Amino acid sequence: MSVTASQADTIVKRALEVGRANKLQPLTVAVLDAGGHLVAFHKEDGASIFREAIARGKAMGALGLGTDSANLAKVAADRPAFIQSAFVATGGQIIPVPGGVLIKDHSGKVIGAVGISGDVSEADEACGIAGIRTAGLSCAAIKDGRDCHLKAHL
């Protein structure tokens with residue numbers, strides 16, 4: 001099973017709503033299915049031209065390495081040679097900073113990932129988490145109690 005188009009649209013819509021409510025910089029949101037295929041995408045007016053590639057790279061890195069991109073940032077700090085090797089091996093498809101979140105069903109199975117770029121990475125991630133929650137899905141950040149810090153996330 002993969003994230004559905006309807007679920008992906010909900011994730012995008014809610015992520016953008018949270019971004020606007022918190023007066024974030026223009027966001028770009030990409031939702032990928034479990035196979036890394038684009039299911040939903042939106043680039044807000046004013047988002048810079050590389051945001052699409054960064055959003056997809058955050059989501060793809062999470063999918064490809066099996067962990068949220070916030071965790072990949074920690075791996076990059078602790079094991080830079082590994083992340084550099086993975087970056088080279090994937091043709092640069094990994095962006096190891098917060099903003100890429102694995103989407104899970106309620107049994108814990110990964111069904112896709114959302115990647116967001118536009119503001120500071122932690123805020124990007126928070127918007128993705130809010131979207132996942134609104135779509136009735138789950139992610140490690142929700143299960144671990146690491147829910148987003150933005151004032152208007154719910």
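Rule-based calculations on the coordinates, nothing more; no lab input. Keep in mind that this is a model prediction, so the values were computed, not measured. Every residue, glycine as well, gets a Cβ built from its backbone with ideal geometry; the counts of neighbours run over all protein chains shown.
Strictly over 23 Å apart at the Cα level, which of 23/74; 13/43; 23/104; 74/104 would you flag in this model?
Details: 23/74 27 Å; 13/43 11 Å; 23/104 28 Å; 74/104 21 Å.
Too far apart for the 23 Å limit: 23/74; 23/104.
Which values of log₁₀ I(q)/I(0), to two decimal places, follow from the Debye formula for the chain at q = 0.13, 0.17, 0.18 Å⁻¹ with a uniform point scatterer at every Cα?
Rounded to two decimals, the profile gives -0.48, -0.84, -0.95.
Evaluate the charge dipole of the chain about its Cα centre and quote only its size in Debye, nearest 20, assuming +1 on the Cβ of each Lys and Arg and -1 on the Cβ of each Asp and Glu.
The calculation lands at about 120 debye.
Taking only the alpha carbons of the stretch 16-73, what extent do you get along each of the three principal axes, in Å, biggest first?
The principal-axis extents, from largest down, are 31, 22, 20 Å.
What is the calculated FRET efficiency for residue 17 to residue 50, with r their C-beta to C-beta distance and R₀ = 25 Å, to the nearest 0.05? Present the calculation step by step, with values, prior to reporting the outcome.
Working: r = 24 Å, r/R0 = 0.95.
With R0 = 25 Å, the Cβ-Cβ based efficiency is 0.60.
Skipping prolines and chain starts, which residues have an amide H placed within reach, meaning under 5 Å, of the one on residue 111, given they are 5 or more residues away or on another chain?
Those qualifying (amide H under 5 Å, at least 5 residues apart or on another chain) are 103, 104, 105.
Could you rank the peptides 12-25, 83-96, 37-50 by their average count of other C-beta atoms within 10 Å per residue, with the highest value first?
Values: 12-25: 19.1, 83-96: 15.8, 37-50: 14.1.
Peptide ranking by packing, descending: 12-25, 83-96, 37-50.
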